[in-house]
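This structure is in structure tokens; I'll ask about it shortly.
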Amino acid sequence: MSQATELAQLREKVLRLAREIESLSEADIPPDAFFPEFLNRLTAAVGARGAAVWLSDGGPIRLAYQLGLEESGFYSAPQATQHNDQLLREALSTGETKAYLPDETQLPTRHLYVVAPLSVAAEPVGVIEVLQRPETAASAKAGLLQFTEQMAGYASRYLTRQRDAGRRGGDGARARGGDRENRPNVNVSPSPPVSPSPKGGLPPAFWTDLEKFLLQLERSRTVGEVASTAASDGRILLNVDRVSIARKRGRKTPVEAISGQEKVNPRANLVRRMSALCKVVMAGREPLIYTGAVENLPPQLEQPLADYVAESNSRLVMIVPLFETGELVKPELEDKEKERRLAQKDARVIGCIVAEQINDSRVPPALHEKLDVTADHVAASLQRAITFERIFLRRTLLAIGRTGEWFHGRKLAKTLAIIAAVAAVSLALFFFPWPYKVVAEGRLMPEVQRDVFAPWDGEVTQLAVRGGEVVKAGDPLAVLRNDDLRAEQIRVSEELSGKRKAVTAIAGQIADRNSRQDQAQLEGELVAAQAEVTGLEKQLEILEERAERLKVTAPITGVVATFQLDQLLQNRPVRRGEVLMEVMDDKATWHLEVDVEDRRMGHILRAIQRKGDVGLPVEFVLATDPETRYSGTLKKIESRAQTDSELGNVVRVEIALDNPEALPRRRIGAEVRAKINTGDRALGYVLFGDVIDFVRKHLWL
């Protein structure tokens, strides 16, 4: 027998036992007959080692019925009952079905304990406890919890029927229940008489809440607003744990709203599985009601429903498709369900509403009727919102409509006044001339400036000046040392000394020799030695000149403009041509060196072309004295652009001072902010020129 066949047979067995338990819950039998049969079928269905029914009549919880509890070793520890009572009381207080691993309890047996509460009229009256094998897979635990909770629901239904029968039959009906000590003692207060409800059997309070709900729907305009209102207010109206709205959009089924959530995350596992389930339900065009049993569901619904229930842990799921609706008020027919099916036969599905209960699988009273009424109104509002969002140029038409309101009644005068003001401002922006000034930042500097360069590779061994010190042309500034040059100078000096001694020796030999031949040879050697001496003397002279040039002097009279020379140069190696410091003549003429952004140079160049002269008027302020304005004249524009780390490409321009004596104590490098007047432009361009240039640059207008 294949594994698939065995699984199918096991599934059929579980479904058969579940149906038998459901039939038992509807049978008119005493508790002594019901609960033993109930426990037999429950343990057989889930393969449990034992099970028990614990009941409470408002006092301590007591064991009413059990199967295999003693054989499992449950009573082997004296404190077992006390520890077990803690699990049972927690189930009674929370009303949730839970599973406890062996390590999570202090009970003596190594079992997986599953507890499910029993309730009558929403009041906890007992607990079903199942002792399962501890090696139960985690993937099967969720199904075990759902099945146990569903069976506990059947047992609760039986207890409810027993309570109702006891009210009708009095003591005689209770006498048929068997021994009082072995049956559930349910403490239920008598219910008040129920007055007949108008409008299809629903209570008047529902219709009052429905009116408020419909008012909120009418105020919603878009699909998102309708879905959010239907989910949030619908949960209160239907009195369920969660309400969601899904919409059919082509082949997709997005979840538009979930009660309790401001925004739906379409990538969340819960949302994706809800979307898949709603898609199948809408394709079938029939409502879905899940209370824990799946035997009567279409095959295509089983897997999406199982995936969603496993993710959401919902015990009750009701999904009603939403159809395009016509008239909301329909004529009263004898078979309303048949009339509804005929009306929806050709209607297009536009979405669905999902109602869920998290902790209870029982269908609340009148939930079917409430959900049907609510679904019709939600469908109408959703259809209206979809139609509204399909209007072509909807936002533009709404804006035009809102604008048109200003041309009627008392608003007309205000509108005309505003239009006149806007027109006046627009004319002023287009036709009123205003000086356009290019703003740039720069420095106040002396015109006479010299850089002091390193004459040779070397190491700065001595600094003769400090930053800000006044020097004269030729004054020593620094001394460099070049070890290679010094070594070469010593080598040449020693070689020159040796050659000179050689010349002296050859000259002495010539005087001692009598042979002409020997004298001629010695004279040739003397000439060669003397030539070598001359060459070495020239080399030594050049080396001495280089050594002398290692003493750096001031090129002009002025002020040392470089500060922190000790940190920058002392004992630091430098390369030939490297700038060591700057010397500036602060007694000569001063000017401004301003960096103008490359994108603004066009205004200056066009102004120069119109004027025929580079001398554009300039006004500037010092950063240390922003309240006083000074004037100057543009005198020079460099021929190439430079790169600035903050402004990008800039062009340096020089500005002459109109009245240098008016400046306070001048400081080298003082920051200035200059405005170069390029002539009159329209006021609108002066105010919004940067925006206009940006649009022109990127759109080529």
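Computed from the coordinates by the stated procedures, all read-outs in this text should not be read as laboratory data. Computed from a prediction, not measured in an experiment: that's the story for all the values here. As a convention, Cβ positions derive from the backbone with ideal geometry for all residues, glycine included, and neighbour counts pool all protein chains shown.
With 10 angstrom as the radius, rank Asp372, Asp103 by how many other C-beta atoms surround their C-beta, starting from the fewest. Provide the component values of the computation, followed by the final result.
Values: Asp372 15, Asp103 8.
Ordered from fewest to most neighbouring Cβ atoms within 10 Å, Asp372, Asp103 come out as Asp103, Asp372.
Still on this structure, please answer the following. For the chain, take the longest principal axis of its alpha carbons; what is the angle in degrees between that and the long axis of helix 269-284, to the nearest 10 within 0 to 90?
Tilt relative to the chain: about 50 degrees.
Report ³J(HN,Hα) in whole Hz for each residue of region 447-456, in order, from the Karplus equation J = 6.51 cos²θ - 1.76 cosθ + 1.60 where θ = phi - 60°; Gly and Pro get x.
In residue order, the calculated couplings are 6, 8, 9, 9, 8, 9, 9, 6, x, 7 Hz.
Taking only Cα atoms, what is the 0 to 90° angle, nearest 10, from helix 483-512's long axis to the longest principal axis of the chain?
Roughly 30 degrees between the two axes.
Can you list residues from other chains, or at least 5 along the same chain, whose modelled amide H is less than 5 Å from the amide H of Leu616?
Amide H to amide H, under 5 Å and 5 or more residues apart or across chains, Leu616 pairs with Leu634.
Could I ask something else about it? If the chain between Lys13 and Thr624 were fully stretched, how many nm would it gain, using 0.36 nm times the residue separation less the Cα-Cα distance?
Taking Lys13 through Thr624 to full extension adds about 210.5 nm, to one decimal.
Still on this model: Restricting to DSSP loop positions (anything but H, G, I, E, B) with no more than 12 other Cβ atoms inside 10 Å of their own Cβ, which GluC sites (Glu not before Pro) remain in region 19-95? Don't skip to the end; give the middle numbers.
Working: sites: Glu20, Glu22, Glu26, Glu37, Glu70, Glu71, Glu90; in loops: Glu70, Glu71.
Within region 19-95, the qualifying GluC sites (Glu not before Pro) (loop, at most 12 other Cβ atoms within 10 Å) are Glu70, Glu71.
Next question. Using the count of nearby Cβ atoms within 10 Å as a rough guide to exposure, how do Tyr75, Tyr685, Tyr65 rank from fewest to most? Don't jump to the answer; show the numbers that get you there.
On the way: Tyr75 12, Tyr685 16, Tyr65 21.
So the ranking, lowest neighbour count to highest, is Tyr75, Tyr685, Tyr65.
Would you please name the GluC sites (Glu not before Pro) within region 412-483 that are DSSP coil residues with at most 14 other C-beta atoms within 10 Å of their C-beta? Write down the numbers at each step before the final one.
Details: sites: Glu441, Glu447, Glu459, Glu469; in loops: Glu447, Glu469.
Sites meeting the loop and neighbour criteria: Glu447, Glu469.
Then there's this: Spin-label point model (7 Å from Cα, Cβ direction): what's the Phe388 to Gln79 distance in nm?
Modelled inter-label distance: 6.4 nm.
Under a 5 Å amide H to amide H cut-off, with H placed in plane at 1.01 Å, what residues pair with Leu112 once short-range neighbours are removed?
Amide H to amide H, under 5 Å and 5 or more residues apart or across chains, Leu112 pairs with Gln132, Arg133.
Now, a different point. For Tyr100, Tyr290, which order do you get if you count the other beta carbons within 10 Å of each Cβ and list the fewest first?
Neighbour counts put them in this order, fewest first: Tyr100, Tyr290.
Work out from phi, with θ = phi - 60° and the Karplus expression 6.51 cos²θ - 1.76 cosθ + 1.60, the ³J(HN,Hα) of each residue of region 110-124, listed in order in whole Hz, and give x for Gly and Pro.
The phi angles translate into 8, 10, 8, 8, 10, 10, 10, x, 10, 9, 10, 6, 6, 10, x Hz.
On to the next question. Can you give me the Cα centroid spacing of region 592-634 and region 104-118 in angstrom?
What the calculation gives is 89 Å, centre to centre.
While we're here: Mind giving me the nanometre distance, one decimal, between the label points for Lys472 and Ala662, set 7 Å out from Cα along Cα→Cβ?
About 3.7 nm, to one decimal.
Between [x] 37.5; [y] 27.9; [z] 26.7, which entry matches Kirkwood radius over Cα pairs in Å as derived from the coordinates of this structure?
Step by step, Kirkwood radius over Cα pairs in Å for this structure corresponds to label [x].
Using 0.36 nm times the number of residues separating Asp680 and Asn313, minus their current alpha carbon distance, what extension gain do you get?
124.6 nm
For the chain, what is the mean residue ellipticity at 222 nm derived from helices alone (per DSSP H run of n ≥ 4: -39500 (n - 2.57); sum divided by total residues; nearest 500 deg cm²/dmol)?
Helix-only estimate at 222 nm: -15500 deg cm²/dmol.
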